[in-house]
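Below: the structure, in structure tokens.
The numbers here are math on the coordinates, done by the rules we state, and not lab data. Note that the structure is predicted; figures quoted are calculated from it, not measured. Cβ atoms come from the backbone with ideal geometry, glycine included; neighbour counts cover every protein chain shown.
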Amino acid sequence: MPKLKIAIVCSSNQNRSMEAHYLLSKKGFNVQSFGTGANVKLPGSAPDKPNVYEFGKTTYDEMYRELKSKDKDLYTQNGILNMLDRNRRIKSRPEKFQHCKEQFDVVITVEERVYDQVLEDFNNREQDSQTPVHVINIEIQDNHDEATLGAFLIYELCQLLENAQDLEDDLDDLLQEFEPRAERDILHSVCFY
Amino acid sequence: MSEESSSSRRSVAGQFFTEDEGTESSANTTSEKVVELINQTQLLTKDNQKLANLKQVQELIVNKEPALLDNFLDEVLQFQHDKSADVRRFVIGFMEERGNKKDNEILCTVAPNLNMMLSDPEQHIIVTKKVILCNAQLLKVTVKWLITAKRVGDEMVDVWDIMWEMRDKIVTMLDSENDGIRTHAIKYVESAVIMFSVRTPDSEVPKKAEGDASLDQIPDEHKCLQASKLRGEGINCLDQLLKLLASPSITSVNLTACMGALTTISKQRPAFMSRVITAFETLHVNLPPTLAKSQVSSVRKSLKLQLFSLLRLPSSADIRPNIKLLLNDLGATDNEIAKNLPRVSSSSKRPRQDDDNDKGRSSKKTKTSKAIGKILDEEDEPTTSSRGRSTPTQVASKPTTTVVKPVTKLTMVDILSEEIQPLLGIVENVANLVLISMVTLPETMPPQFQATYTPIAAAGTGNQINHLARMMSSQFVAAGVKPKDSEKLALIEEANQEKKEEPKPSKPEIRGISVVGAGEESSGKKKPTQTQVSKGVKRIKQFRLNEITKPLEPEVASDLVTTAIKRIIEAGKASKHGGAAKDRVKILTALATQFGGDLTEVLREYMLEDLRSNSDIAFAWLYQEYANLRGYIPQFSEEDVGIERYDHLLCAMLDSLLTRSDQRDGLFTRLVMEAPIITDNAIKVIRKFCEDEVHFFSGMHALRELILKRPADIQNYLMELLDLTYHERTEVRSQSIQYVKRLYDRQDLRDTIETYATGCLKTLLKPSPTPQLIERLSSAEDQRLAHKTWIEECIKMCLYLYLALLPVNHKLIHELANVYVDTGSPIKRIVLRVLEAPVRGIGMSSPELLKFVENCPKGAETLVTRMLHILTDKAPPSPDLVKRVRDLYNRRVSDVRFLIPVLIGLEKTEVIEALPKLIKLNPGVVKEVFHRLLMSHQGDNSAGQSPLTPAELLIALHNIDSAKCDMKSIIKATSLCFNEKNIYTQEVLAVVLQQLMEQTPLPILLMRTVIQSLTMYPKLSGFIMNILRRLIEKSVWTQPKVWEGFIKCCERTQPQSYQVLLQLPPPQLRSVFSMSPGLRKPLLEHVRSFTEHQQAHIPAPILKILEAEDSGDRTLHEKQAIRHRLEPVQRRGSEDSSQNLQKTKLLQDKLNQEKRLQEPQWKEKLEKEKRMREEEMRRKEKRDAESEERKRRKESDSRDREDSKRRRSNNGRGSDSPSMRIKQEPIDPDDQPSHSPSVRIKQEPIDPDDQRSEKSDEGRPSKRRSSRLSKS
């Protein structure tokens, strides 16, 4: 049985999705990560002044260098540089889910808004192969700690999925079982490519 | 395919390959590579390697040399039989890939293979899924191919048939057990629906699917594709999907997939949109109950998403209000909705919504009516309210609906909701709806409701009412209610007929748990029958009937009902034969219970006629009434159901049983036990049973069963039973007391019973019986008496229960004593009389009783005495009891009577000490005392062994100090002893006499006893002679009374006493003669009969005294006269000794005078006599020794027996010596040669008891005999 193709999707493809991407790839999963937002946003010097990048253009490395030159202390202190450093070692740049033409078996989103966007995207896509894809949402707050915790939850879930005999048949029960353990609300939907 | 054929195929491919080898090198190398890869793959074992190889093959064929496909297709297809599911999946992918390409002919090969794989029940799930996916693609291709083909060959028809067959299989897979397969099937059905339906201008077709086939492209006369059949199939597929969507057990994944599929269908085929939306509406309010909370939110989210995407479609314009309402319900904000509206219509919609919202703030009533107005306007129906209020916005909104309307097909839901809408405008209706819904609300909020509930944003607005109407109508439709507007319905049906199918998808049955719809659904069902609200709906079904019927006159109606009931009753036999007996009972009882009145009467009459055979009705009815009483069945009449009806029924049944004379009371018991409630009146009837002569037993039994088995009302029943314990009738009373006694063992009832019994007892303290008590007396005479004072009956009634409990709980004795002390003598008397059985029941070992005796309350002495008597009547008193009584006697109660019961338990000395007092009591009591003391020696040992042997008792009596007790009492007491001949045998008396004689001074009554013994046992005379002789030795004459008795004794024992008299010293002899002159002559004659020699032994003074009379012959008759006078006195002497004494004294004086006159002759005579006697004595002694020796030898055996017997009867208390002495100093054998032996021989059988005890002792007689022999 080939490995499941897993996509982890967050808003900017920086923190939560990359954390999980990192962990899962380390554990040997066939995983990719994406963002769904309009742009890649990173916290800036003030709440109203985020650093905004375009998906698919700026690499993590470029961001890293830019921010480092902007205010090394601030971005070291808030962990952004550290995060970017990790990210650039995983892949070159943030990717937008909507642009990805690849087919996945499971798409895991990290917050409801992202989940909605993913569903919306699938809805707007033109279905062709009718291959089902399962979209699962696990709520994870957008900060470093929660991202780490969330990554482990996702890892746990992916293990369950990977080990399932018949994923599609077992998925419902599996999620029902997983939900109370994760102590988070799980959303789940099936879409088609 | 077999291995051989595959290898031959390969060789064919090989040939092809060799043929082409020279022509094209690139092709060559490619095909060469392909062959190599395939060969390799055949040999490989690992799945992933196989896959990698096959992928390479695919790559080569597809990208480099498509021409090679034909050559290698079969080779690749071989792998569909591979063991690995993934390999097989790949093969399918390969087929799909190929099929999609232009060379459609390949389908001919692929289709059968696919079908084969699909049909395999053992097929791996992922393969099946892949086949389904593949099928979806290939179906399109096939159809396209068939349509475009210039000529439809047979092989194409075959392919189509196979595709069609597979379609059937896949559609059925919507019910597969596997979630994933269902999901795939859903997608397949989606594409089938799209393909088998007509593409319209407003269809929104994705660019990729632009070229896909659809129904409209099928030419009219196609060889195998028939448009009508396909359309039907398409609609069938849609129905399947809708059915799945409404299935209560659908999983959330399937639900999502299904919603997605339906949305896609709606997009591409707007004709189906209204049905889809209706289905969504139903789904929204009827989410499957199996979903978990998060699944519900997932489903709602995706439903929202789907609805938004539908909202955006231009084709959804006419149905948009519905979608919007649904979205509102799903929690979408107006903003979101607005955002998703197509730009064109947004301008016209926005203001109206704002308008609605603004109005929502105003008062509800106007708002509602306005909303109704609006709706009615929209529906273009006549209205009574607020037509004039139509605002420009409403008008503006009008066109959108009216314009689109003709285009849309009306559904049943639409029509129904139109009808419901105006009705919802009436406030009363809404209120009723809410009220009814409240009743049917579940106890707790279902989780689904909690999860899905969104506050209704626009409550009361037209939109909301509109939506509510729609929701209700979708429920109605689901429940099968049809709109009244038959015209429109007909239209729909017509339209449906055109389509040759049903107007609506078969709606699911109403689900067990619905979410939001719970209230509406149930109220919706009730409405037609009950509330005004739904008049419109109700009319559909029942309107005409109500119109044409008139209510019957009440009399006629009730008459009809009654006769109907009667007919049912009469049909008893028929129903039994027909097997409807149960139903008949059910109908009868249900009717009687629900409608009461006359029906009850009729049925009761029938039932009671023969309750036994109608018991089934009886029980059914009783339960029915009970259920009614408890409100378990819906109420039809207004009247309040009280317990009266149940009560009345139950009592009537019981009463009817009471009046029956037969004894079989099984039904009664059953009725009592099985009745759900026993009412107070029923208890009264049961009581009647208890008091009834015939039925009392079953009544009591039922009562007891109630107590045992109905703990809830136990106190009630118990009181009833207790009340019966002082019933006048003995059998009732004793039965109930017996039950109470048994119940008394139960700790929980104990207190009640005890309190009750004590209460009863204490009524005795009242000056006269209580009215309740008096009531119980049956005779009027008794009642009259009882009013004045306590009569025996009443007293006993109060005592029965208490006394019955006494043996169970000894503690009660104290309270009894307390009451006893305080009551009057009549009551006391009765108490003492009835005490026997209970006291016996207690027994003397009871610690409570002992305690009671110990602390005997003042005034209760008689009670204690009575108890003691009862206790010791049959059994010896226990040491404990004796101790207590003794203490009590010593401490407080000096009445000696107190001791009587425990007499035999006392010490010997104590008894002796008490004797003087005891014998002074009245004769009856004394008798009792002696009875107690002697009884044990009569062989009746059950009452214990008296501390005194009979001999000791008699001796004790003799030794009573005359200062303590008058002689008369003692004499009476001794005579009591003598009366007991069985006890005071001659042996016993001998022992007594022997012992008494030993005493000094001699007891006054000694000689009296001697004489009495002699009277009783004349055979004792020998022994008595001995005694007399000993008495002479003891100078008996020193004690005048005894001396007097001595003389009397001598008188009686003539002639044996002559010898004794001769031994008296002369002065005493003279005294004898002076007191009893009649003795002298016989004695003298006796002496004269002696031989000379013998006479010589008699001392002269004696002879002289003897002969003194002869000289004084002249005085003889004078003396005789004196004697005559004396005799009667003597005879009476025992009765009046003192008187006697005086008389004898007088006599003596007289005699002394005479003596003085004849002194000389007297002396002479006496001396001669003495001489004679002395001589005779010597001779006799010699003879004695000889005969004694002889006799002893002869009688030793019998004597031994006699001895041992005596010893035993003395029980070793006294010494054996007296009896032994008797034998060692035998009575003079010459005087009574024949007497002694005969006495002894005869004595043996005298006392049968002794004989018995002898026998029982047979174990050791030889030993005793030998010891006896050695002694002798």
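Assuming 0.692 mPa s and 37 °C, estimate D for the range B:799-929 with Stokes-Einstein, Rh taken as the Kirkwood radius over Cα pairs, in µm²/s. Kindly include the intermediate steps, with their values, before the conclusion.
Details: Rh = 15.0 Å.
The Stokes-Einstein estimate is 219 µm²/s.
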Check: What is the sum of charges around residue A:23, taking Lys and Arg as +1, Asp and Glu as -1, for the other residues whose C-beta is under 13 Å from the C-beta of residue A:23?
Finding: +2
Note to self: Could you check the spin-label model distance between residue B:440 and residue A:72? Points 7 Å from the Cα along Cα→Cβ, value in nm.
What the structure shows: 7.5
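Quantify how much of the Cα-Cα distance distribution of the range A:31-117 extends past 21 Å, in percent. Spell out each step's value before the answer.
On the way: 1298 of 3741 pairs.
Within the range A:31-117, distances greater than 21 Å cover 35 percent of Cα pairs.
Can you tell me the alpha carbon radius of gyration of the range B:640-766 divided by the globular rule-of-thumb value 2.2 N^0.38 Å? Don't skip to the end; give the middle numbers.
Details: Rg = 14.9 Å, N = 127, 2.2 N^0.38 = 13.9 Å.
After normalising by residue count via 2.2 N^0.38 Å, the value is 1.08.
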Margin query: I need to check one value: relative contact order of the range B:941-1094, counting alpha carbon pairs closer than 8 Å and at least 6 residues apart, in percent.
Written below: 17
Next item on the list: Pull up all non-local amide H partners of residue A:9: gap of 5 or more, or a different chain, and H-to-H distance under 5 Å with H placed in the peptide plane.
Entry: A:34, A:108, A:109, A:110
Notebook entry, point to check: Convex hull over the alpha-carbon atoms of the range B:579-620: what's its volume per residue in Å³?
Noted result: 56
Margin query: When 1/r is averaged over all different Cα pairs and the result inverted, which Kirkwood radius in Å belongs to the range B:999-1113?
Written below: 14.4
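Report the relative contact order of chain A, percent, no decimals, based on alpha-carbon pairs under 8 angstrom and at least 6 residues apart.
Working: 323 pairs, mean separation 49.7, N = 193.
After rounding, I find 26 percent.
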Check: What's the FRET efficiency of residue B:681 with residue B:854 using the Cβ-Cβ distance as r and R₀ = 60 Å, to the nearest 0.05?
Finding: 0.75
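Residue by residue through A:131-137, how many Cβ atoms from other chains fall within 10 Å of the Cβ on average? Each step should come with its number before you reach the end.
Values: counts 5, 11, 0, 3, 3, 1, 3.
Mean partner-chain Cβ count within 10 Å for A:131-137: 4.
Compute for the range B:709-759: radius of gyration divided by Kirkwood radius, i.e. Rg/Rh, restricted to C-alpha atoms, rounded to two decimals.
Details: Rg = 10.5 Å, Rh = 11.0 Å.
Here Rg/Rh amounts to 0.95.
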Notebook entry, point to check: What is the Cα coordinate range of the range A:69-185 on the first, second and third principal axes, sorted by size from largest, in whole angstrom?
Noted result: 51, 36, 24
Item checked: For q = 0.15, 0.22 Å⁻¹, Debye-computed log10 I/I(0) when each Cα of the range B:131-209 counts as one equal scatterer -> -0.60, -1.06
Check: What is the distance, in nm, between label points placed 7 Å from the Cα along the Cα-to-Cβ direction at residue B:1178 and at residue B:32?
Finding: 18.7
Note to self: With the alpha-carbon atoms as the only input, what is the per residue convex hull volume for the range B:996-1064 in Å³?
What the structure shows: 70
Item checked: Estimated FRET transfer efficiency (residue B:169, residue A:176; beta-carbon r; R0 41 Å; 0.05) -> 0.85
Margin query: Taking 45 Å as R0, compute the FRET efficiency from the Cβ-Cβ separation of residue B:659 and residue B:873 and round it to 0.05.
Written below: 0.40
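Obtain the radius of gyration and the Kirkwood radius of the range B:288-329 from its C-alpha atoms and give Rg over Rh. Intermediate values should be presented prior to the final figure.
Working: Rg = 12.0 Å, Rh = 11.1 Å.
Rg/Rh for the range B:288-329 comes to 1.09.
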Notebook entry, point to check: Could you give me the ³J(HN,Hα) list for the range B:215-225, computed from phi with Karplus coefficients 6.51, -1.76, 1.60 and θ = phi - 60°, whole Hz, x at Gly and Pro?
Noted result: 4, 5, 8, 6, x, 4, 10, 8, 5, 10, 9
Notebook entry, point to check: Mean residue ellipticity at 222 nm from the helices of chain A, using -39,500 (n - 2.57) per DSSP H segment of n ≥ 4 over the full residue count, to the nearest 500 deg cm²/dmol?
Noted result: -15000 deg cm²/dmol
Margin query: If N is the number of residues in the range B:162-303, what value comes out of its Cα radius of gyration divided by 2.2 N^0.38 Å?
Written below: 1.08
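Viscosity 1.306 mPa s, temperature 10 °C: Stokes-Einstein D of the range B:829-893 from its Kirkwood Cα radius, in µm² per second? Before the final figure, lay out each step's value.
Numbers: Rh = 11.8 Å.
Answer, rounded: 135 µm²/s.
How large is Rg/Rh for the range B:734-791, to two decimals, with Cα atoms and a Kirkwood Rh? Can you show the working numbers first?
Numbers: Rg = 14.3 Å, Rh = 13.0 Å.
So for the range B:734-791, dividing Rg by the Kirkwood Rh gives 1.10.
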Notebook entry, point to check: Under Stokes-Einstein, with the Kirkwood radius over Cα pairs standing in for Rh, what whole-number D in µm²/s applies to the range A:87-138 at 25 °C and 0.890 mPa s?
Noted result: 200
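Quote to one decimal, in nm, the extra length available between residue B:428 and residue B:49 on full extension: 0.36 nm per residue of separation minus the C-alpha distance between them.
On the way: separation 379, 0.36 × 379 = 136.44 nm, distance 7.66 nm.
Using 0.36 nm per residue and subtracting the Cα-Cα distance, I get 128.8 nm.
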Margin query: Give the average, rounded to an integer, of partner chain Cβ atoms located within 10 angstrom of each Cβ in A:119-126.
Written below: 4
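If you rank B:30, B:789, B:128 by fewest surrounding Cβ atoms within 10 Å, what's the result? Each step should come with its number before you reach the end.
Values: B:30 18, B:789 13, B:128 26.
Final ranking by Cβ density, sparse to dense: B:789, B:30, B:128.
May I ask you to give the average projected area over all directions of the convex hull of the Cα atoms of the range A:1-157, in nm² rounded to one decimal?
Numbers: hull surface 37.1 nm².
Projected area, direction-averaged: 9.3 nm².
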